[in-house]
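> Supplied in structure tokens, the structure appears directly below.
The values are calculated or read from the model by the stated rules, or taken from the named source; none is laboratory data. Since this is a predicted model, take the numbers as computed values, not measurements. Ideal geometry is used to build each Cβ from the backbone, glycine not excepted, and the neighbour counts take in all protein chains shown. Note: accessible area is taken over every heavy atom of the protein model, side chains too, but ligands, DNA and RNA are not part of it. Shrake-Rupley method; radii C 1.70, N 1.55, O 1.52, S 1.80 Å.
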Amino acid sequence: MRSWRLLLSTLILSSQYNPPRFVELLMLTLAIVMLAISTVLPAQEPYMVLGLSFVVGASISILVREAIAPSPQTRITQFTAILLLIVSIYGFIDII
């Protein structure tokens, strides 16, 4: 029970300290869950589309956040976000 409270307080503190990064983390976590569901269950394209949509939204949010307020590792973050964007767009094309 104590570890759950610690986890909850850490999440609350993280969401208050840097809300955009917390939302991006939440979106990427949900994307991982949705993409895992789509690979485990056969013929589940809606989960894949939703997961890829979360990835696109999070990567665009990361790029906008880095353009407004650069962090010390701006190049690596932008490269990762662009790579995620390219992979998710390729996933959308593969579904069609």
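> Could you derive backbone 3J(HN,Hα) for segment 75-88 from the dihedral phi with the Karplus parameters 6.51, -1.76 and 1.60 (θ = phi - 60°), listing whole Hz in sequence and x where the residue is Gly or Pro?
For segment 75-88, the Karplus-derived couplings read 4, 5, 5, 5, 5, 5, 5, 5, 4, 4, 5, 5, 5, 6 Hz, x marking Gly and Pro.
> Which value, in Å² and to the nearest 10, is the accessible area of residue 48 when all protein chains are kept and the probe is 1.4 Å?
Here the accessible area works out near 60 Å².
> Return the sequence-ordered ³J(HN,Hα) values of segment 36-43 in whole Hz as given by the Karplus equation 6.51 cos²θ - 1.76 cosθ + 1.60 applied to θ = phi - 60°, using x for Gly and Pro.
Computed from phi, the couplings for segment 36-43 are 5, 5, 5, 7, 7, 8, x, 6 Hz.
> Quick check on packing: order 63-70, 32-39 by the mean number of other C-beta atoms within 10 Å, highest mean leading. If you can, show how the numbers build up before the last one.
Numbers: 63-70: 12.6, 32-39: 15.8.
Output ranking for 63-70, 32-39: 32-39, 63-70.
> Residue by residue through segment 54-64, what is 3J(HN,Hα) from phi via Karplus (6.51 cos²θ - 1.76 cosθ + 1.60, θ = phi - 60°)? Round to whole Hz and write x for glycine and proline.
4, 5, 4, x, 5, 5, 5, 4, 5, 5, 5
> Can you give me the relative contact order of the chain as a percent, contacts being Cα pairs under 8 Å and 6 or more apart?
Working: 71 pairs, mean separation 23.6, N = 96.
RCO, the chain: 25 percent.
> A further question follows. Just how far, in whole angstrom, is segment 33-96 from segment 7-27 if you go by their alpha carbon centroids?
19
> With mean projected area of the Cα convex hull in nm² defined as stated, name the option among (1) 7.7; (2) 8.1; (3) 10.1 computed from the structure displayed.
(1)
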